[in-house]
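To start, the structure itself, in structure tokens.
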């Protein structure tokens, strides 16, 4: 048996199919993964993401520690509530985890890290914090609910505490507002607009039920995966891991090289990779022949293997099969994928595949 979020009983009451995920018992779907996917694209859906961990860092040394830990530069955060996406690297430049960092005040920050790596992340952060004046507090007392879709913000707003509603309504993308233990951010993992709401664990069931009563569809891990794939968003532990750097994971844009004197962990390894060149590319694939793209399938060009799919599947919005792949530089736009022993034609495209409910590629 895995860990259970504060919403576990709600999932059972809604008829969820429960599966293990990152050490947690989580809902895969509530009857139809495809229906849940379309509800997010066309209206609104709600996801329990309380398996992810909130970590608060407070103290005069918090900023300096984070500038050491994260390849993106926390110094870019100046306005309260501003969020930053980035990677925490090991000394070889491999990705320990990708995460979101929020600036709350000059000495106060909040991280949201992935479930499967949460304990390891916490140990790593604490291990690097020696000599920094910072208190590191994992917030196991909080839950996280993601409300995503065209009508998500409208349907969620009346369920947010009254003193936080006006701020939440005017939030810009990748900003957050907070009141006591409620924290509302305009972020997500679906390619749609919406909120990610952090709240006290005890308040989460009522919020979940209120969203359902407002016509927001309960959605599980299955829809979350197809939505993030269409949106061109990576999955920790699958599209990236500790053996791979951001430069080979489609995340070079998250590395802040300036200022040059900022010596973040993994910087020297990334600089060596960049100087050597010949790095593999991270691309999108659209299958133009029959079949379904899956993880670990080989990408072919000229009859030779030139890479491997890291994430793939059927895209409900496009009614086509799509994937991410890590390939050698110089691959042709037209390629093939080895599916059950057959080379099936595919096309290299630039993710995202879908944003705001609309295709971003030529089909």
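Since every read-out is calculated from the coordinates, none of them should be taken as a lab result. The shown structure was predicted, so the numbers you read here are calculated from the model rather than taken from an experiment. All Cβ positions, glycine included, derive from the backbone under ideal geometry; neighbour counts span all protein chains shown.
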Ranked 208, 182, criterion: other C-beta atoms within 10 Å, fewest first | 182, 208
The exposure ranking of 301, 63, fewest beta-carbon neighbours within 10 Å first, is 301, 63
A student asked for the Cα radius of gyration and Dmax of segment 52-169 in angstrom ought to give 15.4, 47
Once the principal axes of the Cα atoms of segment 113-240 are found, what is the range along each, listed largest first in whole angstroms?
-> 47, 35, 27
Calculated from DSSP H runs of 4 or more alone, at -39500 (n - 2.57) each and per residue, what is the 222 nm mean residue ellipticity of the chain, nearest 500?
-> -6000 deg cm²/dmol
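In cubic angstrom, how much convex hull volume per residue do the alpha carbon atoms of segment 280-363 span? Walk me through the intermediate numbers first.
Details: hull volume 6.7 nm³, N = 84.
Residue-normalised Cα hull volume stands at 80 Å³.
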Across 127, 15, 45, the residue with the highest GNM fluctuation in the chain (Cα network, 10 Å cutoff) is 127
Percent antiparallel among DSSP beta bridges confined to the chain, rounded to 5, stands at 95 percent
Shape of segment 45-108 from its Cα gyration tensor (a ≥ b ≥ c, root eigenvalues): rounded if a/c is under 1.5, otherwise prolate when a/b > b/c, or oblate?
-> oblate
If the chain between residue 209 and residue 75 were fully stretched, how many nm would it gain, using 0.36 nm times the residue separation less the Cα-Cα distance?
-> 44.4 nm
Calculated SAXS-style log₁₀ I(q)/I(0) at q = 0.11, 0.13, 0.16, 0.22 Å⁻¹ - segment 1-105, Debye, Cα scatterers = -0.54, -0.71, -0.90, -1.08
Based on a Kirkwood Rh over C-alpha pairs, give the Stokes-Einstein translational diffusion coefficient of the chain at 25 °C and viscosity 0.890 mPa s in µm²/s.
-> 115 µm²/s
Between segment 1-22 and segment 77-154, how many Å separate their Cα centres?
-> 24 Å
Measuring from centroid to centroid over Cα atoms, what is the spacing of segment 164-185 and segment 192-218 in Å?
-> 14 Å
